[in-house]
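In what follows, a structure is listed as structure tokens, so that the remarks can point back to it.
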Amino acid sequence: MPRLFPNLRLAFFLASSLSGLACATTQKAPARTPPPEQAAAYFPLLPGWKWAYEIEKGGDKILATYAVLQQIGDTVIVQAGEERNGYAILPEGIARREGLNPGDFLLKTPIRAGASWPLAGGRAVVISVGQDVTVPAGDYANCAVVEETRTSPDRVLRTTYAAGFGPVTLEYQVSNPETRRFDVVLRARLLGLTRPGEDPLGNETTGSLPPIPDRIAPNSR
């Protein structure tokens, strides 16, 4: 899931025709296998993958989609509403593409509980692996929870990735200086997905992908 990953845009476009995608595929947890350690196993970024999410923000619920359009070398292009964003598929893991250079890693091998890596202004930590998670799209086994913590302002992004399927939940919290607590400003849950070759919407995309934020202005809470 969540622009999709580089910058927070706390404005979403209402999806107008998501029913086909949201209901396209639901999952049941497969037979138990050891959690994979390769970062790429937790986020399939082959052209043709699409995800539909329910976004909760400010008491409202919004439907949104995100689609993998193409791969050029080690760069994958993702359609998020009217935007196209790049991700670098590297031996070390999956990183946000910042111009011609890789940026922060979303996932970095090995994916093990306690593993961590640096981010711009913060750090990512694998909180747990091998978790079972249930969302509207179905039941998922071997999920890894990754927590990104950053400063200026203090905020936490917690994403659950299901092995073989991608992000299934997301929660974004920002520190409230008045209460000295973290407020949840965004939640996302997977409603449905389609794999390459089984998309009922063809090349059509609708709505806007929930941005996975890594930066937010202090007055944007």
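The values are calculated or read from the model by the stated rules, or taken from the named source; none is laboratory data. Quick caveat, the model's predicted, so the values are computed rather than measured. Glycine gets a Cβ as well: all are built from the backbone with ideal geometry, and neighbour counts include every protein chain shown.
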Mind counting the residues in the range 5-63 that are modelled with pLDDT of 50 or more and assigned to a loop (DSSP other than H, G, I, E, B)?
-> 22
Could you grab me the full set of residues in the range 90-119 that are in contact with a Gly (Cβ under 7 Å, 6 or more places away or on another chain) and not in a loop (DSSP other than H, G, I, E, B)?
-> Ala95, Arg96, Arg97, Phe105, Leu107, Lys108
Residues of the range 189-221 satisfying the condition of being surrounded by 15 or more Cβ atoms within 10 Å (Cβ to Cβ), modelled with pLDDT of 50 or more and farther than 25 Å from Ile111 by Cβ | Asp199
Of all the residues that make up the range 163-189, how many are in a loop (DSSP other than H, G, I, E, B) and of a type in the set (Gly, Ala, Ser)?
-> 2
Taking the range 80-100 only, how many residues are buried (at least 19 other Cβ atoms within 10 Å of the Cβ) and out of contact with any strand residue (DSSP E or B) (no Cβ under 7 Å at 6 or more places or on another chain)?
-> 1
Note on Ala163: of the conditions (1) touching a helix residue (DSSP H, G or I) at 6+ places or on another chain (Cβ under 6 Å); (2) buried (at least 18 other Cβ atoms within 10 Å of the Cβ); (3) closer than 26 Å to Ile62 by Cβ, unmet is (3)
Which residue pairs have Cβ atoms under 7 Å apart, sit 6 or more places apart or on different chains, and have a first residue in the range 172-188 that is surrounded by fewer than 20 Cβ atoms within 10 Å (Cβ to Cβ) and a second that is of a type in the set (Ser, Thr, Tyr)?
-> Phe182/Ser175
